[in-house]
1. Do you know which residues across region C:40-68 are surrounded by 15 or more Cβ atoms within 10 Å (Cβ to Cβ) and of a type in the set (Lys, Arg)?
2. What is the residue count in region A:193-223 for residues that are crowded, with 19+ Cβ neighbours inside 10 Å, over 26 Å from A:GLN271 (Cβ atoms) and among the β-branched types (Val, Ile, Thr)?
3. Just need a number here: residues in region A:260-289 that are part of a strand (DSSP E or B), among the hydrophobic types (A, V, I, L, M, F, W, C) and over 15 Å from C:ILE305 (Cβ atoms).
4. Report, by residue number, each residue of region C:19-39 that is exposed (fewer than 15 other Cβ atoms within 10 Å of the Cβ) and small (Gly, Ala, Ser).
5. Do you know which residues across region A:107-137 are buried (at least 24 other Cβ atoms within 10 Å of the Cβ) and of a type outside the set (Val, Ile, Thr)?
6. Does region A:39-55 contain any residue that is farther than 23 Å from C:GLU187 by Cβ, free of Cβ contacts under 8 Å to residues at least 12 places away in the same chain and within 13 Å of chain C (Cβ to nearest Cβ)?
7. Would you call B:VAL106 among the aliphatic types (A, V, I, L, M) and either more than 12 Å from every other protein chain (Cβ to nearest Cβ) or closer than 30 Å to B:ILE25 by Cα (or both)?
8. How do the pairs read when you match residues in region B:2-14 that are closer than 12 Å to B:ILE39 by Cα with residues anywhere that are assigned to a loop (DSSP other than H, G, I, E, B) and among the β-branched types (Val, Ile, Thr), using Cβ under 7 Å and keeping only pairs 6 or more apart or on different chains?
Amino acid sequence: MNITVGQIAALVGGKVEGGPESAIITGVASIADANVGNITFFGNARYLGALKDTKATAALVPVDFSEEIPAIKIKVANPSLAFSQLVEKTAPKPVVFHPGIHRTAVIGEDVSLGKDVSIQPYAIIESGTEIGDRTVVGAHVYIGRETTIGNDCLIYPNVTIRERSLLGNRIIIQSGAVIGGDGFGYEFENGRYVKIPQVGIVQIDDDVEIGSNSTIDRARFGRTWIQEGTKIDNLVQIAHNVTVGKHCVLVSQSGVSGSTKLGNYVTLAGQAGLVGHIELGDQVIVGAKSGVSKSIPAREFVFGIPAVPDKEFKIRAARVNRLGKLIERVKKLEQLLDSNEKSLPPEI
Amino acid sequence: MNITVGQIAALVGGKVEGGPESAIITGVASIADANVGNITFFGNARYLGALKDTKATAALVPVDFSEEIPAIKIKVANPSLAFSQLVEKTAPKPVVFHPGIHRTAVIGEDVSLGKDVSIQPYAIIESGTEIGDRTVVGAHVYIGRETTIGNDCLIYPNVTIRERSLLGNRIIIQSGAVIGGDGFGYEFENGRYVKIPQVGIVQIDDDVEIGSNSTIDRARFGRTWIQEGTKIDNLVQIAHNVTVGKHCVLVSQSGVSGSTKLGNYVTLAGQAGLVGHIELGDQVIVGAKSGVSKSIPAREFVFGIPAVPDKEFKIRAARVNRLGKLIERVKKLEQLLDSNEKSLPPEI
Amino acid sequence: MNITVGQIAALVGGKVEGGPESAIITGVASIADANVGNITFFGNARYLGALKDTKATAALVPVDFSEEIPAIKIKVANPSLAFSQLVEKTAPKPVVFHPGIHRTAVIGEDVSLGKDVSIQPYAIIESGTEIGDRTVVGAHVYIGRETTIGNDCLIYPNVTIRERSLLGNRIIIQSGAVIGGDGFGYEFENGRYVKIPQVGIVQIDDDVEIGSNSTIDRARFGRTWIQEGTKIDNLVQIAHNVTVGKHCVLVSQSGVSGSTKLGNYVTLAGQAGLVGHIELGDQVIVGAKSGVSKSIPAREFVFGIPAVPDKEFKIRAARVNRLGKLIERVKKLEQLLDSNEKSLPPEI
């Protein structure tokens, strides 16, 4: 990478301030890591202090940014997005999996493969499965019987997709994820847990992404359903018969118990957990590490274990934090009352 | 599926009420998802409201069920179990792995394979391993040296079982699980962590099931031991030298630290965690997201971080929730005392 | 194993007390599991009671140990370490992967393999990758393009290492771990999440160990960086652009959100979680299940959700536990004041 500040500004549609357009940029970096010759970006207010000390030669900043900083400013509408564009343009070329079927792939009977699919080494596609155009099936991926996968999907190495799963288009599944493992269901009989067959499926709609080593169990019957546009991070658990609505975000290590339903645009922060058989309305936000034990109406932000509205959580926490003072006040009252008693005329 | 209500009743040993035995059922569904032509079941009291609004044509209900519902009732002893039987009978045929050894399987020296085993594509079985009758070793499964696996086990694709593991009969291991990875043990010497060799094994007894992407570490010495009938959900961590007793249930994302012992019939709810070197008595229940820091006697139900008896947790939580009122009461006392002081004769 | 107490003492440099050097030892065991003929060790004060009841024939104890126990004592400087040495000497031989490239391995173009590497069955090494001397690439391991791996690394079966990762020497990666999966980054535009390309890498320095099924995401740009000597347990999540310093310990099921920086010698206990964009100073300890929401100065021990200094957490918890008594005291004051009021002369 060897490009001028002016050329970058032209690339991202920005305006240069506070330095020469001819300055040379040799790399991209975060504010803290940046050195002379790097360009960085200001996308999070908490980094303002660091930006004022940055060694970066240039920085992408918002249009209304008015602070003094040591770097040349390039003002753009969305610095984070502009930086991404820049990173993409200057990054090493992404790895591309060329169309074709590797000689080691094991492909069952009655498998239908779309145009320009890429089937990587040691991929296994069981009988009766359909795979759409331009989809990449990574190395060591296992796809069970009678599964349907749409167009332009990207299945990374070592993913397992069990039988009869139904996947839409443009889905990305990161390595190690398991789609369609058995749901966790047992009847307790005569002192033993007896397995309840899990004969349903997993359905994943268009534009969903699923993170590394996440697990999405097949339904007991019917389907476990991840709807359009939802993004699931690493090590997330989705139990049987769960429905996750459209455009939700499930951050790493969160978990959803059986038969629970999430509306659209729901956010589960990291390590959040939901009990089974409840419903979360549209745009609900569950705070990090919170445990949701009952249904939550739309647009609520909840926090805590068990989770309550965030405002309520903060009020309770503040009261607990001031408990020391309350104890002092009670002690003072006791002393006062004690001395008052002594100064009172004796009861007759 | 195309079957009458009367035929279903005969199938599950139930009694029809509130509608004709001749009504046609075309599919199974949960109460909320059910449409005309579906049969559903009532297995959880919290769905009574939904059942009263269900579009299902028929519903499996308990014998003593007396509510008015729009669906035809089929009364049975255990509606959930009856529904499972029905689902199983009407479901697409389960995928069966036929006996035989796939040409791509890599099998070491001195491997003993039982009758009718099924070794799927790209399975690797290292030297000195024994596998019992009718056991299925899924695609891409790795089984390390000198491992013993009993009869009728089902090892799903992409499972790793490290050397010298000891598995009983009828064990099910879901995809991505890792059995016998090194325990997490180090000595701190001269500012560095030095690995302690983990030379023990993992022993898993009959009828255990282990969920997708769960991890069960081998012992430092001796064994990590999962006893008969225990069911472990997805993404669960079992550290080295742990003993899990018989017929326990470990729900998703729970974790047990090194050398801890669980009795029989212990339940760990989702995302619960246990420190190392403690014991949980028989039938202990650890609530969701709880953190257990010390041993728990039998039959206790604990909750919270650190976990305390559930009753105690509830009392404390209730007191915290009423803190606002307590603060008000103290303020009132202060005001009262303040005005009393003023009305008192001056001290001489 | 068949060795005398005296021979063991010579082996570990210990001194025998309380029994004959000629006693025969036939196996190693923990204090609780030990039987006649076993040797055990005393490494954790909480097992003193159990040690006094042990059936073990001998026990490794610290030099200053003065309790009466039924077993013959062998006094050593570090009983835990001595026990490890003994276990190692008497354990079944560790499984060794011999140098060589299995016929089924798929190796791309321009791959450089060091001396005496061991490439196990079905390993895949993509083009442009370099692997150092004596490194073992386990069965079914996938190594993406242009990756660099140093000398003496041990990559267990079913690990995924994505393109351009940079690994040092003597690194151990347990089965199922995913290194270099895409970071979880999206821009929200017109009601949809749009993927931000994750074009950075993962860098892992010398002597790091990574547990089973843990996930370490590649950077959005630049690198996600695990520094020298750090040990990561199973099912741990490291998000994009995180830096973990030298000689840290991250216990199972803990998680670190994007761009957060850990200093050296940091400990995250089990199931701890950190938000993104914060810094933890050297030697910070985060207690089990704690949720860290802001930066923590060096040498602090924090606990709770949100995490506060451990002392503060304990004080608050103690106050909450005594709330019942405080409520009683307030009630008493109210009663007193009520009766005082009645005994006061009426206000005029």
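The values are calculated or read from the model by the stated rules, or taken from the named source; none is laboratory data. Values in this document were obtained by computation on a predicted structure and should not be read as measured data. Quick reminder, even Gly has a Cβ in these numbers, built from the backbone with ideal geometry, and neighbours come from all protein chains shown.
1. Passing the criteria: only C:LYS55.
2. 3
3. To start, the set of residues in region A:260-289 that are part of a strand (DSSP E or B) comprises A:261-262, A:267-268, A:273-274, A:279-280, A:285-286.
Among the residues that remain, those that are also among the hydrophobic types (A, V, I, L, M, F, W, C) are: A:262, A:268, A:274, A:280, A:285-286.
This time we only want the ones that are over 15 Å from C:ILE305 (Cβ atoms), so: A:262, A:268, A:274, A:280, A:285.
Summing the residues that are part of a strand (DSSP E or B), among the hydrophobic types (A, V, I, L, M, F, W, C) and over 15 Å from C:ILE305 (Cβ atoms) in region A:260-289 gives 5.
4. C:SER22 - this is the single residue of region C:19-39 that is exposed (fewer than 15 other Cβ atoms within 10 Å of the Cβ) and small (Gly, Ala, Ser).
5. Those that are buried (at least 24 other Cβ atoms within 10 Å of the Cβ) and of a type outside the set (Val, Ile, Thr): A:GLN120, A:TYR122, A:ALA123, A:GLU126.
6. yes
7. For B:VAL106, the condition - among the aliphatic types (A, V, I, L, M) and either more than 12 Å from every other protein chain (Cβ to nearest Cβ) or closer than 30 Å to B:ILE25 by Cα (or both) - is not met.
8. B:ASN2/B:THR26
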